[in-house]
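Colleague: Got a structure here, written out as structure tokens. Questions coming.
The values are calculated or read from the model by the stated rules, or taken from the named source; none is laboratory data. Nothing here was measured: the structure is a model prediction, and the numbers come from that model. In this analysis, Cβ positions are derived from the backbone assuming ideal geometry, glycine residues included, and neighbour counts consider all displayed protein chains.
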Amino acid sequence: MKVLVILIGVFSAVSAEEMKCNGADGATAEACDDGVVACTSPVWSEYGGMSAQAYGCGACPADSTATCAQCDAKADEGCNVKVAAPADAQTFECFDYSLVKEALVASKTATTCNANKATAIKCNSPGTAAVAKTYKVANKGCGGCTEAAIKDKTCSECCKTKCNSASTLAFVLAPLLAVIFHVL
């Protein structure tokens with residue numbers, strides 16, 4: 001009986017092999033807690049750039065496939081290798097918008113946007129029919145609008161770096177306001 005208990009203990013120690021995942025730098029394998037079978041890493045996406053997901057041990061959160069990559073942990077090395085933007089990726093800048101006193105206001109500094117070399121530069125901003133309290137700017141202003149959002153005028157897009165700033169929109173609104181005041 002003692003031999004059986006010893007054999008079970010030895011088998012348990014061998015079968016509970018310590019898994020490793022790459023840590024914060026995405027290149028150095030670190031030991032995971034017992035029972036961890038997956039590793040995580042960030043994801044690079046067009047217009048969104050590199051996600052905020054950390055490299056490490058454990059599974060991705062539910063519904064995070066666009067921002068988190070997961071692989072099966074290994075005993076000898078981290079499967080979550082360093083993620084990088086494509087070598088020919090381009091960067092440009094767009095402005096994000098946030099709700100300030102019930103109005104959507106462009107940020108003072110532009111966000112750095114990422115896209116593949118062959119992808120057109122596009123920025124988005126709230127359209128004339130956007131409801132300030134419920135409108136969500138896509139990708140912090142980087143990239144275009146959906147066809148439906150353009151059609152219903154809740155989103156507007158432009159095709160140059162920093163083209164979606166509040167000063168750019170003022171050029172559109174100034175003539176409209178002049179017509180309104182002239183009619184009144």
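Colleague: Give me the residue from region 67-98 that is surrounded by 14 or more Cβ atoms within 10 Å (Cβ to Cβ) and aliphatic (A, V, I, L, M) and, out of that set, farthest from THR161 (Cα to Cα). Full working, then the answer.
Modeller: Our first condition is that a residue be surrounded by 14 or more Cβ atoms within 10 Å (Cβ to Cβ); within region 67-98, this holds for 67-71, 73-74, 78-81, 83, 85, 89-90, 92-97.
Filter once more, keeping what is aliphatic (A, V, I, L, M): 69, 73, 81, 83, 85, 89.
Working: ALA69: 30, ALA73: 41, VAL81: 32, VAL83: 26, ALA85: 19, ALA89: 15 Å.
Residue satisfying both the conditions and the ranking: ALA73.
Colleague: Here's a follow-up. Across region 136-151, what is the total count of residues that are exposed (fewer than 13 other Cβ atoms within 10 Å of the Cβ) and at pLDDT 95 or above?
Modeller: Final tally of qualifying residues: 3.
Colleague: Please find, within region 112-126, the residue that is modelled with the highest pLDDT out of those that are of a type in the set (Val, Ile, Thr) and either part of a loop (DSSP other than H, G, I, E, B) or over 18 Å from the mean Cα position of the chain (by Cα) (or both).
Modeller: Taking region 112-126 and keeping what is of a type in the set (Val, Ile, Thr), we get 112, 119, 121.
Those left that are additionally either part of a loop (DSSP other than H, G, I, E, B) or over 18 Å from the mean Cα position of the chain (by Cα) (or both): 119, 121.
Working: THR119: 93, ILE121: 96.
If we take residues in region 112-126 being of a type in the set (Val, Ile, Thr) and either part of a loop (DSSP other than H, G, I, E, B) or over 18 Å from the mean Cα position of the chain (by Cα) (or both), then ILE121 is modelled with the highest pLDDT.
Colleague: While we're on this one: If I go through region 68-90 residue by residue, how many of them are at pLDDT below 95 and under 14 Å from the mean Cα position of the chain (by Cα)?
Modeller: Number satisfying all stated conditions: 3.
Colleague: Here is a further query. Take the conditions in contact with a strand residue (DSSP E or B) (Cβ under 8 Å, 6 or more places away or on another chain), in a loop (DSSP other than H, G, I, E, B) and surrounded by fewer than 18 Cβ atoms within 10 Å (Cβ to Cβ) and apply them to ASP33. Does it pass? Break it down stepwise before answering.
Modeller: Working: in contact with a strand residue (DSSP E or B) (Cβ under 8 Å, 6 or more places away or on another chain): yes; in a loop (DSSP other than H, G, I, E, B): yes; surrounded by fewer than 18 Cβ atoms within 10 Å (Cβ to Cβ): yes.
Spelling it out, ASP33 is indeed in contact with a strand residue (DSSP E or B) (Cβ under 8 Å, 6 or more places away or on another chain), in a loop (DSSP other than H, G, I, E, B) and surrounded by fewer than 18 Cβ atoms within 10 Å (Cβ to Cβ).
Colleague: Residues CYS123, CYS94, CYS145: which one is without any contact (Cβ under 8 Å) to a residue 24 or more places away in the chain, touching a strand residue (DSSP E or B) at 6+ places or on another chain (Cβ under 6 Å) and more than 30 Å from THR28 (Cβ to Cβ)?
Modeller: CYS145
Colleague: Additional query: Looking at region 46-66, which of its residues are under 30 Å from CYS94 (Cβ atoms), crowded, with 17+ Cβ neighbours inside 10 Å and free of Cβ contacts under 8 Å to residues at least 40 places away in the same chain?
Modeller: Correct list: SER51, GLN53, TYR55, CYS60.
Colleague: What are the residue pairs meeting all of these: first residue in region 19-40, first residue in the same structural domain as ALA73 (by TED's automatic domain parsing), second residue among the basic types (Lys, Arg), Cβ atoms under 6 Å, and 6 or more apart or on different chains?
Modeller: GLY26/LYS82; ALA27/LYS82; ALA29/LYS20; ALA31/LYS20
Colleague: Now for a different question. Given ALA66, ALA129, which one is assigned by TED's automatic domain parsing to the domain that holds GLY26, among the small types (Gly, Ala, Ser) and in a loop (DSSP other than H, G, I, E, B)?
Modeller: Of the residues listed, the single one that is assigned by TED's automatic domain parsing to the domain that holds GLY26, among the small types (Gly, Ala, Ser) and in a loop (DSSP other than H, G, I, E, B) is ALA66.
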